[in-house]
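The next block holds one structure in the form of structure tokens; read it before the comments.
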Amino acid sequence: MEEVRIGVYICDCGTNISATVNTKEVTEYAKGLGSVVVARNYKYMCSDPGQNLIKNDIKENKLNRVVVAACSPRMHEPTFRRAVQDAGINQYYFQMANIREQCSWVHTDKEMATEKAKALVEAAVSRVQYHEPLQSKQVSVNPNVLVVGGGIAGIQTALEIADAGKKVYLVEKEPSIGGHMAMFDKTFPTLDCSACILTPKMTSVGQHPNIDLLSYSEVEEVTGFVGNFKAKIKRKARYVDETKCTGCDECSKVCPVKVENEFDVGLSLRSATYIQSPYAVPNKAVINKKGISPCRVACPAGVNAHGYVALIAKGQFKEALDLVRDSIPLAGVVGRVCNHPCETECERTTVDDGINIRDLKRFVADYEIKMGREKATPLEITKAEKVAVIGSGPSGLACAFDLLKKGYAVTVFEKDEKAGGLMRYGIPNFKLPENIVDTEIDYLKERGVEIKTGTAVNDIASLFKQGYKAVFLGTGAGVNRKLGVPGEDNANVFGAMDFLKKVNSGQDVVVSDKVVVVGGGNTAVESARVAWRLGAKDVTVLYKKSESETPATCSEVEEAKNEGIKFKFLTSVKEIIIDGDKISGVKCVNESKAQKGEEFVLEAGNVINAMWQDVNKDSLPKEMAFSELGYLEVDPVTLESNVSGVFAGGEVVAGQLDVIASMASGKAAAESIDRYLSGQDIREGRAEQMPKKFEVNKDKVKAKSRMVMPTLGVSERKGNFDEVELGYDNELAIDEAGRCLNCSVCSECMLCLKACEPDAIDHSMREQTIEVDIGSIVVATGLKQFDPEVMYTYGYRRFDDVLTGLEFERLSNASGPTDGVVVKKNGKKPKSVAILHCVGSRDENYHKYCSRVCCMYSLKYAHLLKEKLPDVEVYQLYIDMRCPGLGYEEFYMRLQDEGVKFVRGRAAEITNIPQIDEEKDKLVVMVEDTLVRKKRRLPVDMVILSCAIEPNDGAEQIGKVLSLNKKADGFFLEKHPKLDPISTMTDGVFIAGCCQGPKDIPDTVAQASAAAARALAMISNNKVEIDGAVSEIIADLCSGCRICNTMCPYSAISYNESARVSEINPVLCKGCGVCVSACPSDAITSNHFTTKQILAEIEGVLA
Amino acid sequence: MKSYTYFPGCSSEATAVGLDISTRAIAEALGIELKELEDWNCCGSTPYGSLDELEAIAVAARNLALAEKTKLDLVTPCSSCFVTLNKARVHMMKPEVKSKVNQALATAGLEYNGSVKVRLLIEVLMSDMTTQKIAAKVVKPLSGLKVAPYSGCQEVRPRFGFDDPENPIALDEIVEAVGAIAVPYASKCKCCGGSAVISEQDLCLQLMYDLFKNAVESGAECMITPCPLCQMNLDAYQAKVNSKFNTNFNLPVLFVTQLIGLALGLKEDKLGLNKNIVKPNKILAKYL
């Protein structure tokens, strides 16, 4: 083994070290240490002469190890390693002892500090003897660059790199690039229009052959290492084909949904389908769609509730009705009798009342009638096969309509005299007038459904002989199940279905004064209300369960009670008491816990049994199969019966079903029949998939109750069957529809699709993930404005006319919500404005730092105000005026000349309580004017808050993806605040712009260009050096436990399946040593921190 | 039934008799036991503290020592007593203070070991009782009564307070729990003048004028407050405000406990309403 010859160099570091540590003494001490050939002391070891000392000594004294006792290795280890390498010995034969940060800077006792320094030097000398000649690695560099963020920083970086001939992927999460700079009005101090100087750059980016602009996208995952990264980028679904869209903006004009426009900071509304700004790049529309609104998910028949409500809110009643009919017929019926599962799921119920979705549907159906309904156009028959539907109730008609829309000729066979089933014969006219049913049936006939009334069909086989290729059975369950009590066969006991049918058919039905109805569903309640109208004076509804368990709709029960109908819950029937050929009463049994079993008698002349509905098996063919409960048996998914080609749905299959559920069942059968007839698999893809849930922001929603439905007064209802609920008028309907929260934003009403001429809209688009290979990444995620609502005393969002800076930018901007006219919320021009500096900045409670640009942009606002409103009084409330550099101080002087009033003081409170007449209807800013030492009250019309700059929300996500360190306030941490504000601790990842710290546009552009230069330097070198101080796994000792795999913070360790051992990728490894300590088999060594080296170091300290 | 040791405070026997009567009455109605601290003495409040700090702590600590024996929380309706007793409690955590004061207390056979919790009545009603339980016991909802809640300054102090200093809502919630309307008004956090009304009457009259004006303009028919000093200022000096500013404010200022008592169906004699200077009988007529 060759002799170890060590050179030791003690640095004074000016007086940083020498003031506390006696460096001469330490140097003498070093000379006496083993294997030390030469020891020197110099004032600045890192300087040229200092480094030359080392290099000369290496040559002349044939040194093969070097120790430098100076500052932290973080500072100058690379410097000395390079020097040593230059002189011809391996750079890892070098060790640095930190006698500055860890000695002279932290101790005051000179004697003890000197002793400590000696110990540290001895430790380094002892250690360095065991160093190995490690080799650093070199990797190649992929010339592509990923830029995250499309604001001015990202744009500048991208253009610089692209102009140099290299490829850039520019990822921006918004639909357009431009960032915050695109929102500004003018820029200080030149007062250039922000958009004018930005848009040429934006256009260049859009057109540059070397820039791949990935807008509306986010970086999800990055793997790899410097020079060789792989990035997974999520491209959010735009629902617009960018290759076809021409940016004509017709789609946003027809879109009924209006939400807050983020580009105008909430000062205006935009449509769900929109183009972000007049200078968007790419100039393509985007559809803001969160998912599917809960009301749509809840509807069993898939009616687009959100869509038609949105259209009604915009006054587009015909389009709303068309949208309903895209899913179901019978809008006027459903709009009156549906049990509305959509309203239960409506998100608005968590604020105040759910939207009255059902009655809005009724409104548009009635509106069509009111305006004079034109005959509907017949649908084209495109299929050869014809289908038979038996039963013209909701399930049959829904099935028929869907089949007709698919191109089949459909014939509906109805045994009754008129079509409609229970809609006509089961629901009383005061709830569902007959003419409504007539109108809806007419509509279906006009569209092409053939309905044969008075035609019963008992023989299905005959239908097939007649040429029908498939049959749908929607015959319902129209038989009243018996009560099962003695006395019920008396003629004065009516089955509810028979009773209602007779009344609805116009037959004369007589009821006695006292009527008892048994049952708890809508049929029972409606029977009671019919009986009251027929003249009964005392009507009671009995139900065996409690009121909260009653299946009848709450509003039905409420109206019945209004009409004087009594309810006895938790009461069952034991016997019907006969008196001759009449009945005298009902023997009841109390079912409540407290009085269970107690019997009592209710007087009654009639009993109406509304207990349950059964299927009339005799009316159906014998070959049909029935379930145990007595209903028709069908496959639950396909609705196919046991007879081939025969499908069934609705109440004949399910017993009691709500109208909308019956219709859903008919629609499902139509789908099955279509597949059956076209030879497709009936079952595939039928199982339901639950859509994703998402958050709905309700922060800004003001409580506003549901519009009350006008109803007929109780006295006006007596003795007649006039409709009780009168329906909304236009105003009430639009008002009610306007309460919709637009949960999913886009409602898929499809109006945009119809309006788009180039056919660019595709609502079936899904988000995609693409993978790109890059060598370096520049993060430029930008800023966000501090929200001053937390500063209660400033009254933001409590008072009108207290604005943030960004809001004022939009107000002043010619393309903003007021076309650049500065007005108060009430439309009047302000005569006085106060601009408050340092809102959220320089504040112990929020951000301690200064946001750097606010003084300048506050001056800019003052200038814009003076320009637009010549007589306006402007107050600037400042702590210090920070206008550094060229042009800024001059701008400040200019504003003083323009007559702006500067008050040195931080505003304490903004109040609207006047103390004197001049303060009436004004916002009073209370401030201590520190220069005149007086407390002042400044009455103004408008207040602008110059808010702090914070890192953008997107920074959190990208920070996690790239494992970037952050500073205390959330901005990304640079490698060195003075000498390297562009690099991060992660090699190959650079930062630029406000994501690193608040700064103005010129500094941002400069930093962006610097980041580009750094990336280009890497590319131009085409290689990157990777530190050789890494860890290694000794395969023979590795047991394959894989504990180290999960511990590695750099994901550098992987498991080799075939060799059954773990392996470290030396390029990713940073030599941190976590795996070394974790390994239970002691199989990992850190090659620059071996046990021998560490023990030697310890011995040196203790010597 | 939750029990507390009750510290009435001196004003309960003088200017805030109404507060004491109504507090005891509603405690009974709400099912809370308030056991009056036996042999309690004046807490010292601000006057004693300005004379001798250590003696002031001792005077207050005597009450703490007595209360400690009961092993229950010490509840007081008076904001000033609350702060004084709490400050004494905190001072007594310092070993040098504790030893000296306990020396003095020892002469009366007492000792304070630091285990008493001092609480404000309103805070007890909000957290231990909860407004939901109070609402459930309401017999006569005060529907239609427009009340301006005035919380005073002690409830919102940073150290011992429990409500938001910029926008306190505890009293609003109580008002709503009893069925009345809590009128939002901008001056709700403005000072009534406190004890400065004695030395700087004109200044304080101005403050009270601003308060009344804003409350009335916002639609209030009456005000409620938990603090005896606020109540006294706003009630007793209302006439002076009227004569100085040529106004005719007739705004009854009730203790919050009186309002709660009304809603719980208690009668006038249980609420001490006859002790209010600005008579509330007219506006409360329909609820009595």
Total residues in segment A:743-772, condition out of contact with any strand residue (DSSP E or B) (no Cβ under 7 Å at 6 or more places or on another chain) and not acidic (D, E): 13
So B:G219, is it crowded, with 21+ Cβ neighbours inside 10 Å, on the phi > 0 side of the Ramachandran plot and more than 11 Å from every other protein chain (Cβ to nearest Cβ): no
Odd one out for A:D635 among (1) assigned to a strand (DSSP E or B); (2) surrounded by fewer than 24 Cβ atoms within 10 Å (Cβ to Cβ); (3) not β-branched (V, I, T): (1)
Any hit, segment A:952-975, residues being open to solvent by less than 40 Å² (accessible area, probe 1.4 Å), within 14 Å of another protein chain (Cβ to nearest Cβ) and either in contact with a Pro (Cβ under 9 Å, 6 or more places away or on another chain) or farther than 27 Å from A:P788 by Cβ (or both): no
Residue satisfying all of: in segment A:929-945; assigned to a loop (DSSP other than H, G, I, E, B) and loosely packed, with under 15 Cβ neighbours inside 10 Å; nearest to the other protein chains (Cβ to nearest Cβ) among these: A:R933
Residues of segment A:1038-1050 that turn out to be in a loop (DSSP other than H, G, I, E, B) and open to solvent by 90 Å² or more (accessible area, probe 1.4 Å), as a count: 2
Residue match in segment B:146-157 (condition: over 22 Å from B:L234 (Cβ atoms), basic (K, R), more than 14 Å from every other protein chain (Cβ to nearest Cβ) and in contact (Cβ under 8 Å) with a residue 60 or more places away in the chain): no
Filtered residue count, segment A:733-754, keeping only those that are in contact (Cβ under 8 Å) with a residue 40 or more places away in the chain and part of a helix (DSSP H, G or I): 7
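Okay, residues lined up against (1) acidic (D, E); (2) surrounded by 18 or more Cβ atoms within 10 Å (Cβ to Cβ); (3) in the same structural domain as B:K270 (by TED's automatic domain parsing):
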position	(1), (2), (3)
B:V17	no, no, no
B:E38	yes, no, no
B:G44	no, yes, no
B:L54	no, no, no
B:A60	no, yes, no
B:K71	no, no, no
B:T76	no, yes, no
B:L85	no, yes, no
In segment A:20-57, residue farthest from A:V106 (Cα to Cα) [restricted to those that are among the small types (G, A, S) and exposed (fewer than 14 other Cβ atoms within 10 Å of the Cβ)]: A:G34
Residues (in a strand (DSSP E or B) and either modelled with pLDDT of 95 or more or at positive phi (or both)) located in segment A:230-262: A:K230, A:A231, A:K232, A:I233, A:K234, A:R235, A:V240
Segment A:764-775 - residue that is assigned to a loop (DSSP other than H, G, I, E, B) and either open to solvent by 20 Å² or more (accessible area, probe 1.4 Å) or among the basic types (K, R) (or both) and, of those, farthest from the other protein chains (Cβ to nearest Cβ): A:S764
Candidates B:D269, B:D202, filtered to the one that is acidic (D, E) and over 16 Å from A:Q915 (Cβ atoms): B:D269
Only one of A:G959, A:G997, A:G970 that is assigned to a loop (DSSP other than H, G, I, E, B) and within 27 Å of the chain's Cα centre (by Cα): A:G970
Residue selected from segment B:170-206 under the condition within 12 Å of chain A (Cβ to nearest Cβ) and over 20 Å from the mean Cα position of the chain (by Cα), by the criterion farthest from B:Q238 (Cα to Cα): B:P184
Members of segment A:1076-1103 that are in contact with a helix residue (DSSP H, G or I) (Cβ under 8 Å, 6 or more places away or on another chain) and under 12 Å from A:C1038 (Cα atoms): A:C1079, A:P1080, A:I1084, A:T1085
Wholly enclosed helices (runs of 4 or more DSSP H) of segment A:294-380 bearing at least 1 residues touching a residue at least 24 places away in the same chain (Cβ under 8 Å) and open to solvent by 30 Å² or more (accessible area, probe 1.4 Å): A:294-298, A:305-313, A:317-327, A:341-345, A:357-370
Contacts under 6 angstrom Cβ, first residue in segment A:144-168 being over 18 Å from A:G227 (Cα atoms), partner outside any helix (DSSP H, G or I) and among the hydroxyl-bearing types (S, T, Y), 6 or more apart: A:G149/A:T781
Unmet criterion (only one of (1) away from chain B (no Cβ under 14 Å); (2) at pLDDT 95 or above; (3) within 30 Å of B:L207 (Cβ to Cβ)) for A:M926: (1)
Residue count, segment B:263-274 (criterion: among the aliphatic types (A, V, I, L, M) and in a loop (DSSP other than H, G, I, E, B)): 3
Top-ranked residue in segment A:888-923 [being within 14 Å of chain B (Cβ to nearest Cβ) and assigned to a helix (DSSP H, G or I); ranked as modelled with the lowest pLDDT]: A:D917
Count of residues meeting criterion [touching a residue at least 40 places away in the same chain (Cβ under 8 Å) and surrounded by fewer than 20 Cβ atoms within 10 Å (Cβ to Cβ)] in segment A:407-416: 3
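The values are calculated or read from the model by the stated rules, or taken from the named source; none is laboratory data. Keep in mind that what you see is a predicted model, and the values were worked out from it rather than measured. Glycine also receives a Cβ, built like all others from the backbone with ideal geometry; neighbour counts cover every protein chain displayed. Ligands, DNA and RNA are excluded from the accessible area calculation, which covers all protein heavy atoms including side chains. Shrake-Rupley method; radii C 1.70, N 1.55, O 1.52, S 1.80 Å.
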